[in-house]
Amino acid sequence: MATSSLPLLSLFLFVTLLHTTSGTTSTGSGACATTPDTGSTLRIIHAFGPCSPLRPAVPFPSWADFLTDQTERDTTRLLFLNSLASTGTGKSFVPVASGKQLLQIPNYIVRGRLGTPAQNLLLAFDTSNDAAWIPCNGCTGCPGGSPWFNPATSTSYHPVPCGSYQCNQVPNPTCYPRAKSCSFNFSYTASSFEAGLGQDSLSLASDTVSSYTFGCLQKVVGNSIPPQGLLGLGRGPLSFLTQTKAIYGSTFSYCLPSFKSLNFSGTLRLGTNGQPKRIKTTPLLMNPHRSSLYYVNMTGIKVGRRTVAIPPSSLAFDPATGAGTVIDSGTMFTQLVRPAYEAMRDEFRRQVKAPVTSLGGFDTCYNGPVTIPAITLLFDGMQVTLPEDNVIIHSTYGTLSCLAMAAAPEGMNAVLNVIANMQQQNHRILFDVPNSRVGFARELCT
């Protein structure tokens, strides 16, 4: 049992610090100083943190505004994940939604280099995505804020030909007679994008992936896609994990620091070398209809010492409907199907024994210090007891604290329980695809 009395720093505070402290956005000095990428280990930057070039130009007016924005992003992300779970297209690229980005901007980015000579890029990594795309020079409608790749200046770039294996993996492949190269397009309601399929050398940390296949974005109509490139770590045919199987053995891990970390920098470790030897693991489940999602079997939740009475159907893995539990890097706050969340929330409230208020998408908040019971996620073969930092999000000044989990929004036919990145922070999360397992090990990630 821990007493929630000391304030934790929210991302709103980080954004505020960004605009009030000079000399902290350089990667070489100050609060944003980080060690360089080495070997097969890359530094992770939070997309909205003070050390990110994609940080908001204007800070959120209040902590409540920040939470509202993040919960809206999570709602859109949940729509995306549930669309993946309920469909079986098997395609490597995902649609862009009208009004809101269906893909949504993943929360974490790494730095990479593409082409010869190398061009510096920002890449968002996403465990629930197979996509590999880069905004390219001359793209119409692509957002700014991140470097674009110019294939014309790379001597190692070449377009993927029509009829190739890679061309057959993208949605709606098109071959123009003169170009004789593969292009594709995808649309979703009022939004669409067009891209040419190309190959070039991609360098991450000290490693180089030759003939990396990616979509070179040429035109975006409607709501823009994320400004950075996308590094899909799912298991589809064109995902980064599949393309680099011979190098990294379909194995990777990451460690995400807590919001209390000033520079909010973690690590993405590719390959089998350097992975933790002692780690709790649970079997990785395969959904043949949607191989990109990392399903695990969550069997229950404990609040304090009490196992919550959750209907088994709310946790059951069902490949036919896409129901079950996934580990996702792109959602900020864990989302549970409503019966599971309500059962957990009600037991949490019963043990806290304090007046409850709400804020934005969070329905279990408290004014003043309260005693927080431990929350333990139960999986086949392992239990993960979350530190208080992973359970409660505090206001900037520590006067209000909220349970950092939520139910799927009303009206959404949600079938997924999503274990999100706040609940993963300060853990090394291992994805060992050859051995069909996902692991959790406590680690101070900063």
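Would you confirm whether or not the range 415-430 contains a residue that is aliphatic (A, V, I, L, M) and open to solvent by 10 Å² or more (accessible area, probe 1.4 Å)?
So far as the range 415-430 goes, yes, one or more of its residues are aliphatic (A, V, I, L, M) and open to solvent by 10 Å² or more (accessible area, probe 1.4 Å).
Out of Ser292, Ser329, Ser358, Ser314, which single residue is among the hydroxyl-bearing types (Ser, Thr, Tyr), out of contact with any strand residue (DSSP E or B) (no Cβ under 7 Å at 6 or more places or on another chain) and at pLDDT below 95?
The conditions single out Ser292.
Of all residues in the range 240-261 being in a loop (DSSP other than H, G, I, E, B) and at pLDDT 90 or above, which is surrounded by the fewest Cβ atoms within 10 Å (Cβ to Cβ)?
Gly249
Being hydroxyl-bearing (Ser, Thr, Tyr), at pLDDT 95 or above and out of contact with any Pro (no Cβ under 7 Å at 6 or more places or on another chain), is that true of even one residue in the range 384-403? Lay out the reasoning, then the answer.
Initially, the range 384-403 is screened for residues hydroxyl-bearing (Ser, Thr, Tyr), giving 385, 395-397, 399, 401.
Imposing the further condition that a residue be at pLDDT 95 or above reduces the set to 385.
Now drop any that are not out of contact with any Pro (no Cβ under 7 Å at 6 or more places or on another chain), which leaves 385.
The answer is yes, given that some residue of the range 384-403 is hydroxyl-bearing (Ser, Thr, Tyr), at pLDDT 95 or above and out of contact with any Pro (no Cβ under 7 Å at 6 or more places or on another chain).
Looking at Asp346, is it within 20 Å of Thr307 (Cβ to Cβ) and assigned to a helix (DSSP H, G or I)?
Here the answer is yes, as Asp346 does meet what is asked.
Go through the range 127-153 residue by residue and tally those that are in a loop (DSSP other than H, G, I, E, B) and either in contact with a Pro (Cβ under 7 Å, 6 or more places away or on another chain) or at pLDDT 95 or above (or both). Lay out the reasoning, then the answer.
We begin by selecting, within the range 127-153, every residue in a loop (DSSP other than H, G, I, E, B); these are 127-131, 141-148, 150.
Imposing the further condition that a residue be either in contact with a Pro (Cβ under 7 Å, 6 or more places away or on another chain) or at pLDDT 95 or above (or both) reduces the set to 142-146, 148, 150.
Of the residues in the range 127-153, 7 are in a loop (DSSP other than H, G, I, E, B) and either in contact with a Pro (Cβ under 7 Å, 6 or more places away or on another chain) or at pLDDT 95 or above (or both).
Anything in the range 154-172 that is in contact with a Ser or Thr (Cβ under 8 Å, 6 or more places away or on another chain) and either of a type in the set (Asp, Glu) or modelled with pLDDT under 90 (or both)? List them, or say none.
Listed by number, the residues that qualify are Gln169, Val170, Pro171.
Anything in the range 305-314 that is more than 16 Å from Pro339 (Cβ to Cβ) and touching a helix residue (DSSP H, G or I) at 6+ places or on another chain (Cβ under 9 Å)? List them, or say none. Walk me through how you get there before you give the answer.
Applying the first criterion (more than 16 Å from Pro339 (Cβ to Cβ)) to the range 305-314 yields 305-306.
Arg306 - this is the single residue of the range 305-314 that is more than 16 Å from Pro339 (Cβ to Cβ) and touching a helix residue (DSSP H, G or I) at 6+ places or on another chain (Cβ under 9 Å).
When you scan the range 318-330, how many residues do you find that are among the polar types (S, T, N, Q), under 22 Å from the mean Cα position of the chain (by Cα) and open to solvent by 10 Å² or more (accessible area, probe 1.4 Å)?
To start, the set of residues in the range 318-330 that are among the polar types (S, T, N, Q) comprises 321, 325, 329.
Restricting the remaining residues to those that are under 22 Å from the mean Cα position of the chain (by Cα) gives 325, 329.
Next, from what is left, pick out any that are open to solvent by 10 Å² or more (accessible area, probe 1.4 Å): none.
Of the residues in that region, 0 qualify.
Residue-wise test of (1) open to solvent by 10 Å² or more (accessible area, probe 1.4 Å); (2) in contact with a helix residue (DSSP H, G or I) (Cβ under 6 Å, 6 or more places away or on another chain).
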position	(1), (2)
Pro288	yes, no
Val303	no, yes
Ala316	yes, no
Met332	no, yes
Arg338	yes, no
Met344	no, no
Gln351	yes, no
Ser358	yes, no
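Scan the range 286-303 residue by residue and report those that are under 15 Å from Pro434 (Cβ atoms) and among the aliphatic types (A, V, I, L, M).
Scanning the range 286-303 gives a single hit, Met286.
Quick check on the range 360-372: of everything there that is over 26 Å from Ala408 (Cβ atoms) and assigned to a loop (DSSP other than H, G, I, E, B), which residue is least open to solvent (accessible area, probe 1.4 Å)?
Only one residue tops the list, namely Gly368.
Only one of these conditions is not met by Pro288: (1) part of a loop (DSSP other than H, G, I, E, B); (2) closer than 23 Å to Asn107 by Cβ; (3) over 21 Å from the mean Cα position of the chain (by Cα). Which number is it?
That leaves (2) as the condition not met.
Here's the yes/no breakdown for (1) out of contact with any strand residue (DSSP E or B) (no Cβ under 6 Å at 6 or more places or on another chain); (2) of a type in the set (A, V, I, L, M); (3) open to solvent by less than 30 Å² (accessible area, probe 1.4 Å):
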site	(1), (2), (3)
Phe125	no, no, yes
Cys136	no, no, yes
Thr140	no, no, no
Pro143	yes, no, yes
Trp148	no, no, no
Thr153	yes, no, no
Ser156	no, no, no
Tyr176	yes, no, no
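Would you check which residues across the range 106-126 are at pLDDT 90 or above and not in a strand (DSSP E or B) and list them?
Within the range 106-126, Gly115, Thr116, Pro117, Ala118 meet the criteria.
The values are calculated or read from the model by the stated rules, or taken from the named source; none is laboratory data. Note that the coordinates shown come from a computational prediction; the quantities given were computed from them, not determined experimentally. Here Cβ is always computed from backbone atoms with ideal geometry, including for glycine, and neighbour counts include all displayed protein chains. What goes into the accessible areas is simple: the full protein's heavy atoms, side chains included, and nothing from ligands, DNA or RNA. Shrake-Rupley method; radii C 1.70, N 1.55, O 1.52, S 1.80 Å.
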